[in-house]
Structures are given as structure tokens and as C-alpha cells.
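Notes follow once the structure below has been shown.
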Amino acid sequence: MDKLCIFISSVQREFAAERAALRDYLRGDPLLARFFDVFLFEDIPAADRRADEVYLAEVDRCAVYVGLFGNDYGFEDASGVSPTEREFDRATAAGKHRLIFVKGTDDAARHPKMRALIGKAGAQLIRRRFNSNPELTSVLYASLAEYLEKKSLLRTAPFDATGCRGATLADLSTDKLDEFLTRAQAQRSYALGPGTPPAKVLAHLNLLDDDTPSHAAVLLFGLEPQRWLPTSVVKCLHFHGTEARKPIPSHQVYRGTVFELVDQAVDFVMSKIDRAVGTRAQGNAVPVTYELPREAVSEAIVNAVAHRDYTSNASVQIMLFADRLEVWNPGELPSSLTPERLTRPHASIPRNPLLAGPLFLAHYIEQAGTGTLDMIALSRDAGLKTPEFRQDGGNFVQTLWRPTGQATAQATAQDKASDSSVLRQLAEALGIPTAQATAQAAAQVAKVLSAAGAAAGQTRDDLQSAIGIAHREHFRKAYLEPLLDAGWLERTIPDKPTSPNQRYRLTAKGRAWLESSSI
């Protein structure tokens with residue numbers, strides 16, 4: 001979305017500090033900076049244009065006009081009118097959204113023409129008074145938030161119910177709508193059939209916000225959903241070993257509607273795992289059995305796509321390891337649910353109910369609240385370990401376990417090679433002679449791993465202080481990166497390595513080395 005311009009008008013000498021403070025505040029505020037940029041006349045470079053032409057052109061371009069009125073009236077042109085009043089009049093004539101802030105309460109101290117300008121503004125709109133920079137910042141923030149809400153740029157309704165700004169019915173695919181209606185009629189006896197006008201279908205599914213397709217409508221039936229919601233992709237990664245390490249043998253980023261995302265991601269997983277092909281003894285169709293039940297894989301992926309937080313900048317991430325499948329989605333469980341509660345009968349609390357409804361009609365979702373229980377039952381029936389569910393920072397993680405001993409010979413070879421060389425690599429990074437490598441490097445590594453194993457997740461500073469190293473870059477190159485590459489440490493937020501919330505924890509592999517070490 002293009003940012004909206006805020007034009008700040010004032011007598012420059014009187015309000016120089018306030019103008020600069022407002023500019024810096026608006027550009028630094030996490031919320032307002034998403035929507036607004038600021039124009040100050042003093043920020044533009046010298047140009048072969050008259051000053052009045054420049055600032056009046058900027059008033060025409062802006063979305064919000066902010067007037068700071070004080071005691072001075074300022075420079076007057078040949079007609080006796082100041083630039084401040086010219087700007088106000090131009091904003092009024094152009095129908096701009098105007099916010100007027102008057103400093104102080106002593107109107108007698110003001111220039112007569114400024115008193116007249118304040119009176120003219122007061123006859124047209126509500127003025128707000130302020131006495132200090134913090135007070136000005138506060139009232140401006142409230143006014144801009146109210147403006148964004150009136151323009152439907154700040155949502156008060158659930159994400160999936162709010163209109164997708166800029167989208168129209170032309171941005172939806174009639175073919176995808178008809179495919180959905182065909183399936184919904186066949187699977188759930190849905191009332192509407194193929195050929196129903198799109199507006200009627202969306203209205204029936206509550207997917208219109210006034211006349212605008214909602215975010216859910218775009219995700220379900222959009223021609224290009226990622227044009228509007230870039231992070232709605234699904235990232236699939238396949239690792240031959242049991243840790244996330246480079247190089248990644250297979251990495252795909254899938255785009256499309258939620259139906260297409262689920263189908264593509266499920267196909268990715270099923271194409272990478274082992275399968276057994278039977279005979280025709282039981283019928284004409286040759287039976288195919290996968291090591292992970294397809295229904296369980298599909299359930300985990302549908303859960304992630306349907307219940308993720310679509311306001312997050314992160315994406316759904318699916319990682320297939322030699323021993324397990326992990327499905328990560330941004331968002332936290334509702335406060336009434338816990339990972340343990342998901343293993344027992346529980347209420348369904350969908351994050352995106354208008355998205356989940358059509359997924360149910362198309363038979364992508366079964367009875368509400370049974371998804372995790374179905375995954376547990378399917379895994380048990382296949383002789384697999386019970387699936388695990390956990391909250392990992394801002395991500396919800398589902399783990400399906402592959403058959404015991406599934407780790408391939410390639411993965412085993414990789415792990416053994418890493419175990420045998422990691423201390424030597426660390427010693428080389430530290431500049432320790434080869435003959436002393438085992439003793440010195442192992443002692444330092446043991447301290448780092450012990451610190452990492454002391455809690456569920458430790459910061460980089462925690463690990464660094466454990467071995468008394470002050471230089472951050474040296475610690476990163478000599479210890480942190482080698483231990484991550486070796487799979488002895490892992491990040492708690494693997495898809496965002498530089499996150500300020502990043503933590504590091506001891507892996508099973510690192511714990512095994514630490515326990516076997518005599519240090």
C-alpha cells in the first residue's frame with residue numbers, strides 16, 4: 001500500500017522544533033509509519049521553483065493537512081496573506097482531511113490575523129489545543145488513528161471478515177468459485193451450485209464487507225491471493241537429516257488459494273516419504289500405503305493454513321526431516337487452549353471462522369474441534385508415535401513422527417561426519433593447534449552447551465557470557481555458527497535468524513555429546 005502524505009503547515013520559525021519532532025515521531029511509530037509519510041518544506045532540496053508553488057502542490061498531493069497555529073501570523077505576500085493561511089485555504093478547497101492544533105490558551109497574545117485564521121478554522125472544524133510537544137503528539141496520534149478507522153484502514157472486525165482494500169469482484173476467479181460450489185454440493189449438499197453469480201455466493205458465505213471482497217474471499221477464490229497478502233505463501237523444506245542445516249536438498253514456495261496451498265503442500269510431503277505398493281489381490285485397484293497417513297498430513301497442513309495469523313509477516317513453514325514432519329504456522333493458541341488440551345476433546349475456536357467455513361464445505365476440514373484428535377488416532381492406527389503440539393514463541397508447531405529407524409543411511413552418515421569433525425573445525429576457528437584441539441575446544445563447547453541446556457531457550461548473550469567472550473563477532477564465527485551447523489544447537493525461531501526474540505537451545509544430538517563427554 002502506498003503511504004498517505006501528511007502536510008504539516010505552520011509559521012516555520014515559531015514551530016520548527018514541533019514540526020521536526022512530529023516528523024520523527026510519525027516516521028518512527030510502528031503503527032503510523034505503516035500508513036503515513038510526512039512532508040516538511042525544509043526537508044526538500046533547493047530547486048528552480050517558487051516556494052509557494054512547491055508547498056501548494058504538496059497540499060494538493062497530501063491526504064491529511066495538519067495546521068499548527070500559534071501567536072505569529074508569518075510572512076505576508078502582496079495581498080497580505082501568509083503561506084500558512086494559503087495552505088489552509090488550499091486544503092479546504094481541495095477537500096483534504098484537516099487537523100488544526102492551536103498552541104496555548106491566551107488568544108489575546110496572538111497576531112490579529114492569526115486570531116482571525118483560528119476563528120475561520122473553528123467555524124469549519126473542531127480545533128484542538130496543546131501546550132507541549134508530548135501533548136501535541138498525543139492528540140495528533142488519536143486524530144490520525146480515528147482517521148484510519150474511518151477510512152477502514154485500521155480493522156476492528158476479525159481479519160478474515162474485513163474488506164481486502166483495493167480488491168473487487170473482478171479479482172476473484174469464477175472458475176475457482178464454480179469448482180468450490182461443485183465440490184461443496186457433492187460433499188455437503190450445499191444449496192448453491194456452479195454458475196451462481198459471484199456476489200450471491202460471497203453474500204451467502206458472509207464474504208463481503210459492504211461491496212468489497214473480504215480477505216477470506218481473496219484467500220479462497222482470488223486470481224492472485226499473494227498480490228494482496230504476500231506472506232500467505234506456504235514454504236516446504238526437505239532435510240535428509242534430523243536437523244535443519246544447509247544445504248537444503250529440496251525447497252519449494254507455493255502460492256495460490258488456500259485450497260491450492262493445501263493440495264501442493266500435501267503433495268510435496270507425500271512425494272518425499274516412503275510408500276509401499278501392494279498387489280491386486282484385494283481388488284482391481286493397487287493399494288498404496290504411505291509411511292505417514294495422508295489424512296494426518298493433510299489435517300496438519302489444513303490446520304496451519306486455516307488457523308494461522310494472517311496479519312503476521314511470517315508464513316506457514318513445513319519441514320520434513322528423516323524422523324519427523326514439522327508444520328509451523330504463525331500465531332498463538334487461544335488463551336483457553338493449551339497444547340496438552342489439544343490431545344483431549346476440546347471446543348473449536350477458529351482464528352479465521354469465515355475462512356474455515358468454506359474449507360469445511362469443500363471437505364478439507366472435518367467436524368470442528370476434532371483435527372488434532374484425528375491426527376493422534378491416525379498415527380496410532382499406523383503404529384507411529386503420538387503427534388506432538390507445542391507453542392514455540394509466536395509459532396504453533398505440529399509434529400508427526402515418521403516410523404522408528406526411518407532416518408536414512410545418508411542422514412546417519414552426515415551426522416557421524418559432523419560429530420567427528422566439529423571439534424576440529426572449532427579448534428581451527430579458534431586458532432588452537434591440532435594437538436590441543438580436543439581438550440581446549442571441547443571444554444569451551446561443553447560450557448556453551450551446558451548453558452544452552454539450562455533453560456528452554458537462551459539468548460546469544462547468555463551463551464557468550466558462559467565462556468567469558470566479549471567480542472560478539474568472534475563468538476558468532478568461532479562458536480555459534482559451527483555448533484548450529486553441527487546440529488548441537490538450534491534456533492527457537494529457525495525461519496527468522498535475526499529476530500530480536502531469537503533464542504538458542506540444546507538439541508538431542510548436542511545433549512548426547514555433552515552427556516558422553518568426560519568434561
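For segment 346-382, residues that are of a type outside the set (V, I, T) and not in a loop (DSSP other than H, G, I, E, B) total 18. Among the residues of segment 498-509, the ones that are over 16 Å from Y479 (Cα atoms) and part of a loop (DSSP other than H, G, I, E, B) come to 5 in all.
D2 satisfies every condition listed in (1) loosely packed, with under 12 Cβ neighbours inside 10 Å; (2) in contact with a Ser or Thr (Cβ under 6 Å, 6 or more places away or on another chain) except (2). Give the residue that is farthest from P158 (Cα to Cα), with candidates limited to residues of segment 312-332 that are open to solvent by 10 Å² or more (accessible area, probe 1.4 Å) and over 16 Å from the mean Cα position of the chain (by Cα). Among those that are open to solvent by 10 Å² or more (accessible area, probe 1.4 Å) and over 16 Å from the mean Cα position of the chain (by Cα), it is D323. May I ask you to verify whether K176 is more than 21 Å from N329 (Cβ to Cβ), crowded, with 16+ Cβ neighbours inside 10 Å and either under 26 Å from the mean Cα position of the chain (by Cα) or basic (K, R) (or both)? Yes; evaluated as a whole, the condition is true for this residue. Restricted to segment 152-172, and to residues there that are surrounded by fewer than 17 Cβ atoms within 10 Å (Cβ to Cβ), in contact with a helix residue (DSSP H, G or I) (Cβ under 9 Å, 6 or more places away or on another chain) and not in a helix (DSSP H, G or I), the residue that is modelled with the highest pLDDT is G166.
Residues that are closer than 30 Å to R34 by Cα and modelled with pLDDT under 90 occur in segment 325-333; there is at least one. Scanning segment 97-105 for any residue that is in contact with a His (Cβ under 9 Å, 6 or more places away or on another chain) and open to solvent by less than 60 Å² (accessible area, probe 1.4 Å) turns up nothing.
Here is the figure for segment 456-489: residues that are in a loop (DSSP other than H, G, I, E, B) and touching a residue at least 40 places away in the same chain (Cβ under 8 Å) total 5.
Residue check: R110 meets all listed conditions (1) charged (D, E, K, R); (2) open to solvent by 30 Å² or more (accessible area, probe 1.4 Å); (3) closer than 18 Å to S10 by Cβ but one, namely (2). Restricting to segment 213-237, name every residue that is buried (at least 18 other Cβ atoms within 10 Å of the Cβ) and among the hydroxyl-bearing types (S, T, Y). Result: S214, S232. Any residue at all in segment 449-472 that's out of contact with any Cys (no Cβ under 9 Å at 6 or more places or on another chain) and closer than 16 Å to R245 by Cβ? No, that holds for no residue. Between F69, F75, the distinction of being out of contact with any Cys (no Cβ under 8 Å at 6 or more places or on another chain) and modelled with pLDDT of 95 or more belongs to F69 only.
The values are calculated or read from the model by the stated rules, or taken from the named source; none is laboratory data. Treat the numbers as computed from the prediction; the structure is a model and nothing was measured. Ideal geometry is used to build each Cβ from the backbone, glycine not excepted, and the neighbour counts take in all protein chains shown. The area values use the complete protein model at the heavy-atom level, side chains included, leaving out ligands, DNA and RNA. Shrake-Rupley method; radii C 1.70, N 1.55, O 1.52, S 1.80 Å.
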